[in-house]
Amino acid sequence: LGDGRCPSPAPPPPEPGNPQEALEETYKKPTWEDFVVKKKEEVIYTAYVKPTDINRARRKLQAASEAGKLDLSDQATTDWRWSWDDPRALVVLDVLEKNKLLTPWGEERADAVRLHQNPPKPPPPPVPQAILGSGAQIGHLGMMGVPMVLSGVVRARGPVHLVVLHRQVLLEAIRDCPECAMFQPRGFTADETLEILQTPVVRLDDPGSRPPHLGPNTGPPVHMTEQLQAAPKAGTHEAWASPTSQFGGLPSADALELVLYNAIQNYSLIWDLLHDAAPRLLQSFVKQFEPRWLLPNEVVIVDEEPDADFLFVVIHGNFVVTLEGAEIDHIGQGAVQGAAQLLKLNDWTRTVTVNNSNRGEAMIQVLRRSKIVSTLAGHPVPRLRFKEVEDLLRDAKNADWQILKDIPAFGNIKERKFLKRVYKDADIRLYCPGDYLAEADEPAPSLIVLLAGTLRSEQAQTLFFVELQRGDWCFQNNILGIEPTRAHDVVAVTHCMVMVLYRHALLNAVVAHPAAREAVLDNETWRVEPSVPKLGGLKVFECVPPPVLSRMELEAAPRYFKQGSIIQAVGTTIEDDMLLFLLRGDVKVSILGITTRLLGVGDPIGVHRYMGLDAPPSNAEIVATSPCDVLAVRRSTLAEALEEEKYEDDLAPYKNAKRVLGGGEILDAFGFPVGGGAKYRPDCVEKSEVFKVCSEQFVSQIPQLVEELAFWPGERLFQQGDTGDFMYFIKAGRIRLEVLGRKKHEIVGGGAVVGDMVCLDQVPYHVESAFAETHVWVRALHKKLLRRALSSFPEEEKRLLGAASGGGG
């Protein structure tokens, strides 16, 4: 959708007497097609050089001809000439340019000829900035009366079914309802706007009668974060109907306008410039904000994007903030971003994107540096205040990676490139007086370093505090994973620049610079606690010799995922087919929004592809439900060990597991094939007996709902008497079915299904127990997912359940 910025103003109308064609030509911009038009012009060498150099130029061209570089056989006259389309024209120009014979005009014409024969490539098609799916809405702000203009074109990628609701139809339908007033904006007059902006503001950071660095007389106030987040949002029916909300009774469009005014008043950097400004300046300042509307997944700003010296206020919608590919924050209505960039203190260090969960468009208001500078140009006092803030924080521009050397966690690290990487991957932000950087007991895996200004470390409702100055730091235990939550509050006393180092970025730097690994990970004392699982405890590595395990742990990549982070998205594979080993935390596995499994400490993710098996991309989304530390084990380490002769016997069980799961022969303890042979059924779902009565269209959807699971010999799939949630389609290996009181056990192999009777409600609980007789690869289908699939195919439900109960199709 383009760059997302507001469109340029339209050109002025033609003046009387000027032809329309002339006006159009004035505003016509050259395109790449202009360069590929067949020109009838010619390259005449005598016109491209000085008259005194004609003979010399002729000799140089004849020499090129004699050397076989230029064909002059078709030149009938002495003023040799070539069409602009003739490839020989480039040879002529190269010869003349190499010998410095071209005049300035000749050089310009030579460039034009080269561009004509080698035109620039056509511009690539625009990359979609937002992709909308079923349930998405476009234009709900327009329904509220907000004059919305998207920054690009919305195109259908395929057949799309839309439902269109016109604003006038809506207003007509609800004209007798009280809610009709919510959709009819009145707007604010100039006097009303001034009255709102000139209303005295009482901030949470008001220090009362004590010095600013000490906080209020009774100590810092209790945290109001949860109450503020729970307040109804402007533009919603809840806010309009609330008798206690400042947006109560306000039309939605007016409420969103009030959000901007509130942000101007509540954001210290802006309001400190304007709190005593003349009405004319206030009115002019408000007009400098540019509205921008964005769709879900659309990017507002990218990390390290140059020439992006603007600030923006979130008016409507929710936004995701990412750093180095991981989410670090969610921001919503009233949030202000980009103050440091407005002051030109540093480039953006974060990427901000509209949250994919937004049902419709989001809205921000953008204030550019050029606009604020020009607005304050005629007002000396606000302009001086603006400059004072810039001067106060100027030290932050001089900070570099060396500021990290005073932090104990990095004190023993001599790797300069590592420290530079950590500094580069940090998030650098500006905070205003009264802003909370941290709150006690808040989960946060990061470390704070002050670059400029003054911070106060304190405990809520106490008089205890510690002041922090440039170079001071706090929360080292958080970034090392030793403590999961903040130990105290941190609040800005003055305008300040702060560098925030995140745990995931630190671990990324450790992976990129192995020389710093030991120094960093040795400080993470939690890694040696008895509760932390060992890699050798995994079934897949139970026979791997200790030297190989040690090498695997040393070469594995430590990773961190905050709560709510996506560890593996639908339709993807883990990078380089690594195996993820959960050291701490909990994980949720879900398909189509239905939770199918919960994983915990010691569980692996990605076993099949790590072992080199032909597993498809994941149908499931894997999300961290609590902060997770993970070890990403590389395939290459074990692959190298498999090539070493000294480990051949030790790694034989691993090779056997890989062979059986891949559909190879099943061998007994002496290495002889077990009777019955191996069965490898990649189509175990599609060709299953369970779905033989169902249509091909229905069955073709089921493989998209299954999970790939592996079991080792002796592991239990389910227990007799338990209620069951899965049916298991055996792709490779064998399963043993046991029934209490039955001496002979049943063995089933590739292509069979177990657990289906419970999923199809034939029985209330499992009538047998299932154990892995060998290594087993199964495709697991959750009962809820089967029910969801059947809900869209009523006839299939009758056939399937009828066949299961013995009633036929």
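Brief remarks follow.
- One residue stands out in the range 530-560 among those that are among the β-branched types (Val, Ile, Thr) and surrounded by 15 or more Cβ atoms within 10 Å (Cβ to Cβ): the one that is farthest from the chain's Cα centre (by Cα), namely VAL544.
- GLN402 open to solvent by 60 Å² or more (accessible area, probe 1.4 Å), free of Cβ contacts under 8 Å to residues at least 24 places away in the same chain and in contact with a Leu (Cβ under 7 Å, 6 or more places away or on another chain): no
- Single residue of SER252, SER268 found to be more than 30 Å from VAL153 (Cβ to Cβ), open to solvent by less than 10 Å² (accessible area, probe 1.4 Å) and in contact (Cβ under 8 Å) with a residue 24 or more places away in the chain: SER268
- Spans of helices (runs of 4 or more DSSP H) in the range 225-301 with at least 1 residues of a type in the set (S, T, N, Q) and either more than 27 Å from GLU327 (Cα to Cα) or at pLDDT 90 or above (or both): 252-266, 268-274, 279-287
- If you go through the range 405-441 and pick out every residue that is open to solvent by less than 40 Å² (accessible area, probe 1.4 Å) and farther than 30 Å from ILE270 by Cβ, you end up with 8.
- Unique residue being open to solvent by 70 Å² or more (accessible area, probe 1.4 Å), at pLDDT below 90 and more than 34 Å from the chain's Cα centre (by Cα) when the list is ASP176, ASP206, ASP191: ASP206
Table: residues versus (1) under 28 Å from GLU542 (Cα atoms); (2) part of a loop (DSSP other than H, G, I, E, B); (3) free of Cβ contacts under 8 Å to residues at least 12 places away in the same chain.
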residue: ALA639; (1), (2), (3): yes, no, yes
residue: PRO653; (1), (2), (3): yes, no, no
residue: VAL660; (1), (2), (3): yes, no, no
residue: LYS687; (1), (2), (3): no, yes, no
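- Whichever residue in the range 683-702 is closer than 16 Å to VAL748 by Cα and of a type outside the set (D, E, K, R) and, among such residues, is most open to solvent (accessible area, probe 1.4 Å): VAL690
- Failed condition for ALA396, given (1) part of a helix (DSSP H, G or I); (2) more than 29 Å from the chain's Cα centre (by Cα): (2)
- Of the residues LEU790, LEU740, LEU760, LEU717, the single one that is on the phi < 0 side of the Ramachandran plot and surrounded by 21 or more Cβ atoms within 10 Å (Cβ to Cβ) is LEU717.
- Restricting attention to the range 319-376, the residues being in a strand (DSSP E or B), under 17 Å from LEU141 (Cβ atoms) and not aliphatic (A, V, I, L, M) number 2.
- Any hit, the range 281-288, residues being out of contact with any strand residue (DSSP E or B) (no Cβ under 9 Å at 6 or more places or on another chain), of a type in the set (A, V, I, L, M, F, W, C) and without any contact (Cβ under 8 Å) to a residue 40 or more places away in the chain: no
- Members of the range 377-393 found to be assigned to a helix (DSSP H, G or I) and either modelled with pLDDT under 90 or open to solvent by 70 Å² or more (accessible area, probe 1.4 Å) (or both), listed by number: PRO380, VAL381, ARG383, LEU384, LYS387, GLU388, ASP391, LEU392
- Evaluated against (1) free of Cβ contacts under 8 Å to residues at least 24 places away in the same chain; (2) of a type outside the set (Val, Ile, Thr); (3) under 25 Å from GLN337 (Cβ atoms); (4) open to solvent by 80 Å² or more (accessible area, probe 1.4 Å), ARG470 falls short on exactly one condition, (1).
- Consider the range 720-737 and keep the residues that are farther than 22 Å from ALA620 by Cα and in contact (Cβ under 8 Å) with a residue 40 or more places away in the chain. The one that is surrounded by the most Cβ atoms within 10 Å (Cβ to Cβ) is GLY733.
- Residue in the range 467-479 that is part of a helix (DSSP H, G or I), aliphatic (A, V, I, L, M) and under 23 Å from VAL630 (Cβ atoms) present: yes
- Residue in the range 359-376 that is acidic (Asp, Glu) and out of contact with any Phe, Trp or Tyr (no Cβ under 6 Å at 6 or more places or on another chain) present: no
- MET182 in contact with a Phe, Trp or Tyr (Cβ under 6 Å, 6 or more places away or on another chain), at pLDDT 85 or above and either assigned to a loop (DSSP other than H, G, I, E, B) or among the charged types (D, E, K, R) (or both): no
- Some residue of the range 433-453 being in a loop (DSSP other than H, G, I, E, B), at pLDDT 90 or above and of a type in the set (A, V, I, L, M, F, W, C): yes
- Checked against the criteria, VAL373 counts as over 26 Å from VAL493 (Cβ atoms), modelled with pLDDT of 90 or more and aliphatic (A, V, I, L, M).
- The single condition among (1) surrounded by fewer than 21 Cβ atoms within 10 Å (Cβ to Cβ); (2) within 27 Å of ASP441 (Cβ to Cβ) that ALA519 does not satisfy is (2).
- ILE747, sole failed condition from (1) part of a strand (DSSP E or B); (2) at pLDDT below 95; (3) open to solvent by less than 30 Å² (accessible area, probe 1.4 Å); (4) of a type outside the set (Ser, Thr, Tyr): (3)
- Set HIS140, HIS161: member being surrounded by fewer than 10 Cβ atoms within 10 Å (Cβ to Cβ) and out of contact with any Cys (no Cβ under 7 Å at 6 or more places or on another chain): HIS161
- Considering the range 593-635, the qualifying strands (runs of 3 or more DSSP E), each wholly inside and each with 2 or more residues that are open to solvent by 20 Å² or more (accessible area, probe 1.4 Å) and of a type outside the set (A, V, I, L, M), run over 594-599.
- Residues located in the range 717-744, provided they are in a strand (DSSP E or B) and either of a type outside the set (Val, Ile, Thr) or farther than 29 Å from LYS798 by Cα (or both): LEU717, PHE718, PHE726, MET727, TYR728, PHE729, LYS731, ALA732, ILE735, ARG736, LEU737, GLU738
- Residues in the range 356-370 include at least one that is under 17 Å from GLN341 (Cβ atoms), surrounded by 13 or more Cβ atoms within 10 Å (Cβ to Cβ) and of a type in the set (S, T, N, Q).
- Condition met for ARG527 (assigned to a helix (DSSP H, G or I) and within 33 Å of the chain's Cα centre (by Cα)): yes
The values are calculated or read from the model by the stated rules, or taken from the named source; none is laboratory data. From a predicted model like this one, the values you see are computed outputs, not experimental measurements. All Cβ positions, even for glycine, are placed from backbone atoms using ideal geometry, and neighbour counts span all protein chains on display. In case anyone asks, the SASA skips ligands and DNA or RNA and just uses the protein heavy atoms, side chains included. Shrake-Rupley method; radii C 1.70, N 1.55, O 1.52, S 1.80 Å.
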